[in-house]
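Taking it in order: structure first as structure tokens, then the write-up.
Derivation of every value follows stated rules applied to the coordinates shown; laboratory data play no part. Note that the structure is a prediction, hence the values are computed from the model and not measured. Using ideal geometry, Cβ is built from the backbone for each residue, glycine included, and neighbour counts are taken over all protein chains shown.
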Amino acid sequence: MADALHRLDDEISDCFACPRLVAWREEVAVVKRAAFRDQTYWGRPVPGFGPGDARIGILGLAPAAHGGNRTGRIFTGDRSGDVLFAAMHRAGLANQPTSVSADDGLTINNTRIFAAVRCAPPDNKPTPEERDRCAPFLHRELTLIRPTLRVVIALGAFAWAAWWPAMRAVYGVRPPSPRPAFGHGAQWTAENVPTLLGCYHVSQQNTFTGRLTPAMLDDVFARARSLAA
Ligand code: SF4
């Protein structure tokens with residue numbers, strides 16, 4: 001299974017299916033941000049991160065232009081990752097509280113992190129067509145980790161919405177209608193599928209304004225750990 005995940009990660013990293021996103025990720029990698037001008041950007045799709053026998057999944061929107069798209073690892077090298085991995089470290093799910101580069105020694109346990117869209121989109125907004133084109137990667141990843149996966153934390157409304165077609169594709173379970181509304185702390189449970197937990201996205205917009213606090217993240221991870229036990 002680990003081999004299958006690695007093969008999927010490799011396949012994702014070599015995808016060129018979305019012309020607009022390919023152009024954007026490569027342009028960002030050439031233009032760069034001034035602070036990173038000496039670095040070689042990854043400039044490709046960003047695969048999932050974490051062990052294949054994870055019980056907790058963390059579903060994000062897409063890599064950040066100067067974070068994952070620069071470092072090649074999801075939530076790595078930006079403020080969102082700082083907040084996320086600090087919380088995971090407090091929860092005992094990461095060996096260190098920082099995530100600055102793909103070779104920084106970070107390891108996470110019991111958790112796999114992935115995004116609904118694997119390429120950094122302009123303005124963090126993939127089109128519906130790009131979302132749907134990338135969705136099979138998420139579905140295949142979920143299929144591989146399905147045997148152990150018990151909880152999925154959806155970071156933000158986009159990830160929450162991406163869960164329903166994934167659940168149908170991977171578990172063959174029809175999503176509820178109407179769909180449960182996203183909210184921080186929202187929880188949706190059904191038989192034979194992972195519990196879905198809603199969490200405000202760890203974006204600067206939320207963490208700098210206090211909409212999402214470290215205590216709120218700690219509560220989500222405590223619940224996820226409890227549900228996954
Ligand atoms: S968003 Fe997904 S489908 Fe589109 S190019 Fe990137 S990896 Fe491929």
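Evaluate the distance, in nm, between pseudo-label points positioned 7 Å from the Cα of R211 and of Q39 along their respective Cα→Cβ axes.
Between R211 and Q39, the label points sit 2.5 nm apart.
If packing is taken as the average number of other Cβ atoms within 10 Å across a peptide's residues, how do 170-182, 216-228, 55-67 rank, most packed first?
In descending order of packing, they fall as 55-67, 216-228, 170-182.
Along the charge dipole of the chain, which of S226, F114, P176 sits closest to the positive end, that is, farthest toward it, with unit charges on the beta carbon of Lys, Arg, Asp and Glu (+1, +1, -1, -1)?
Final value for the positive-end residue is P176.
Divide the volume of the convex hull of the Cα atoms of the chain by its number of residues and quote the answer in cubic angstrom per residue.
Hull volume over Cα atoms, normalised by residue count, gives 116 Å³.
Of the DSSP beta bridges with both residues in the chain, give the percent that are antiparallel, rounding to the nearest 5.
DSSP beta bridges in the chain are roughly 20 percent antiparallel.
Only four residue types carry charge here, +1 at the Cβ of Lys and Arg and -1 at the Cβ of Asp and Glu. Report the dipole size of segment 9-97 about the Cα centre in Debye, rounded to the nearest 20.
I would put it at about 380 debye.
I need the peptides 121-128, 201-208 ranked by packing, meaning the mean over residues of other C-beta atoms within 10 angstrom, with the highest value on top.
Packing proxy ranking, top to bottom: 201-208, 121-128.
Return the calculated 222 nm mean residue ellipticity for the chain, to the nearest 500 deg cm²/dmol, obtained by summing -39500 (n - 2.57) across DSSP H runs with n ≥ 4 and dividing by the residue count.
Rounded to the nearest 500, it is -12500 deg cm²/dmol.
In whole angstrom, how far apart do the alpha carbon centroids of segment 153-174 and segment 28-89 sit?
Rounded to whole Å, the Cα centres lie 21 Å apart.
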